[in-house]
Amino acid sequence: MEESVVAAAGPALRRTVTLRAVPEGAMFRAALGRAIEAEADGWWRVDGAWRVRVGGPGAGEPVVIGADGARELRVPLEAAADGLATVEEDLAW
């Protein structure tokens, strides 16, 4: 896992995760909270307090799912031809 700082108006972090084996139906949980709302440019606001954006060559389209009375932002994982799936997660608060 690789982490770096992302240019943003406030504190931010970029986390890059590369998986060498991706089971069918695997998901990356990007966020967990009481409220998750879509914003512009692929960002999602979590509990009105912080934001997350997920992309990369191994990331599918994010979906919000209800789980145990909370909301989860999940991203389907998609392996490339070489079997790797790379997900880049930007966090800003």
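Quick check on region 53-92: of everything there that is in a strand (DSSP E or B), under 13 Å from Phe28 (Cα atoms) and without any contact (Cβ under 8 Å) to a residue 40 or more places away in the chain, which residue is nearest to the chain's Cα centre (by Cα)? Step by step, filter region 53-92, then rank; the result is Val54. When Arg14 is tested against (1) in contact (Cβ under 8 Å) with a residue 12 or more places away in the chain; (2) open to solvent by less than 70 Å² (accessible area, probe 1.4 Å); (3) touching an Asp or Glu at 6+ places or on another chain (Cβ under 6 Å), just one condition goes unmet, and that condition is (2). Counting the residues of region 42-77 that are at pLDDT 95 or above, open to solvent by 30 Å² or more (accessible area, probe 1.4 Å) and among the acidic types (Asp, Glu) gives 2. For region 27-40, taking the residues that are closer than 12 Å to Ile65 by Cα and part of a loop (DSSP other than H, G, I, E, B), the one that is least open to solvent (accessible area, probe 1.4 Å) is identified as Ala35. The residue that is farthest from Trp93 (Cα to Cα), counting only those in region 41-52 that are among the charged types (D, E, K, R) and not in a strand (DSSP E or B), is Asp41. When we screen Glu24, Glu3 for residues that are open to solvent by 40 Å² or more (accessible area, probe 1.4 Å), part of a strand (DSSP E or B), at pLDDT below 95 and among the acidic types (Asp, Glu), the only hit is Glu3.
The values are calculated or read from the model by the stated rules, or taken from the named source; none is laboratory data. Note that the structure is predicted; figures quoted are calculated from it, not measured. For neighbour counting, all protein chains shown are included, and Cβ atoms are generated from backbone atoms with ideal geometry for every residue, glycine included. When the accessible area is computed, the model is the full protein with side chains, heavy atoms only, and any ligands, DNA or RNA have been set aside. Shrake-Rupley method; radii C 1.70, N 1.55, O 1.52, S 1.80 Å.
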